[in-house]
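Asker: Here you go, one structure.
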Amino acid sequence: MIEIEVKGYANEDVFERVRESFELIRKEHHEDTYFRHPCRDFAETDEALRIRIRRFNGHFEAFLTYKGPKIDQNSKTRKEIEVPISDPDRHTEILRSLGFEEVLTIEKTREKYYVDKGIIIDLDEVEGLGKFIEIEMLTQEPGEITGIIERLKNILKELGVKKFETRSYLELIMEGRGEHGKAR
């Protein structure tokens, strides 16, 4: 699947418009731990590998996720492979044993909202970065990407988003620390 994702900077007004307009799916807490590959620079190849621990409603889920290079310059559209894992600590131990190094763990709270026909909005409060809004949709058809991006951007503009962001939270945090190029 190709994940088409558009991210923008948000404030409380944008959050309130979403809360008033769309159906809340759930609130979640994420702990995303990113890893550095032992033999290639993910910052140069525009890839990412992470373990996400997601907590919601007293439940816990964990996923190992590979994110491929961005397909589009104006969004965060990329191939994504995600598999559920039952023991993130043991999976981290496997990755370390293979030479992968932990780069950073990013924590955020997320509110997920259903928009329409496979479109989801996430309201994120990211520790150390602030408030963001992400809107996403999955497709298998590369020919649909441009039209979907425009549709998603228009929804965000209608909600009051004025500034868009194509960098990941990891990239933003690493750049803020002066560690650009060492992010993944």
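The values are calculated or read from the model by the stated rules, or taken from the named source; none is laboratory data. Quick caveat: nothing in here was measured; it's all calculated off a predicted structure. Here the Cβ positions follow ideal geometry from the backbone for every residue, glycine too, while neighbour counts run over all protein chains shown. Heavy atoms of the whole protein, side chains included, go into the accessibility calculation; ligands, DNA and RNA do not. Shrake-Rupley method; radii C 1.70, N 1.55, O 1.52, S 1.80 Å.
Asker: Name, by its number, the condition in (1) surrounded by fewer than 19 Cβ atoms within 10 Å (Cβ to Cβ); (2) of a type in the set (Ser, Thr, Tyr); (3) part of a strand (DSSP E or B) that does not hold for residue 34.
Answerer: The single condition residue 34 does not satisfy is (1).
Asker: When you look at residue 82, is it more than 18 Å from residue 111 (Cβ to Cβ) and either touching a helix residue (DSSP H, G or I) at 6+ places or on another chain (Cβ under 9 Å) or touching a residue at least 12 places away in the same chain (Cβ under 8 Å) (or both), yes or no?
Answerer: So residue 82 fits the description; yes.
Asker: If you take the residues of segment 107-130 that are within 21 Å of residue 166 (Cβ to Cβ), in contact (Cβ under 8 Å) with a residue 40 or more places away in the chain and among the β-branched types (Val, Ile, Thr), which of them is surrounded by the most Cβ atoms within 10 Å (Cβ to Cβ)?
Answerer: The qualifying residue surrounded by the most Cβ atoms within 10 Å (Cβ to Cβ) is 121.
Asker: Which of the residues belonging to segment 79-99 are buried (at least 16 other Cβ atoms within 10 Å of the Cβ) and either of a type in the set (Gly, Ala, Ser) or outside any strand (DSSP E or B) (or both)?
Answerer: 88, 91, 92, 95
Asker: For residue 15, indicate whether it is within 19 Å of residue 169 (Cβ to Cβ), without any contact (Cβ under 8 Å) to a residue 24 or more places away in the chain and not aliphatic (A, V, I, L, M). Steps first, please.
Answerer: Working: within 19 Å of residue 169 (Cβ to Cβ): yes; without any contact (Cβ under 8 Å) to a residue 24 or more places away in the chain: no; not aliphatic (A, V, I, L, M): yes.
Taking the combined requirement at face value, the residue does not satisfy it.
Asker: Here are 60, 42: which of them is surrounded by 14 or more Cβ atoms within 10 Å (Cβ to Cβ), over 12 Å from the mean Cα position of the chain (by Cα) and of a type in the set (A, V, I, L, M, F, W, C)?
Answerer: 42
Asker: Test residue 62 against the stated conditions and say whether it is out of contact with any Phe, Trp or Tyr (no Cβ under 9 Å at 6 or more places or on another chain) and among the small types (Gly, Ala, Ser).
Answerer: yes
Asker: Of these, 112, 76, 67, which one is closer than 24 Å to residue 156 by Cβ, not in a strand (DSSP E or B) and not aromatic (Phe, Trp, Tyr)?
Answerer: Among 112, 76, 67, only 76 is closer than 24 Å to residue 156 by Cβ, not in a strand (DSSP E or B) and not aromatic (Phe, Trp, Tyr).
Asker: Looking only at segment 131-154, filter to residues that are open to solvent by less than 30 Å² (accessible area, probe 1.4 Å) and not aromatic (Phe, Trp, Tyr); which one of those is farthest from residue 175 (Cα to Cα)?
Answerer: Out of the qualifying residues, it is 139.
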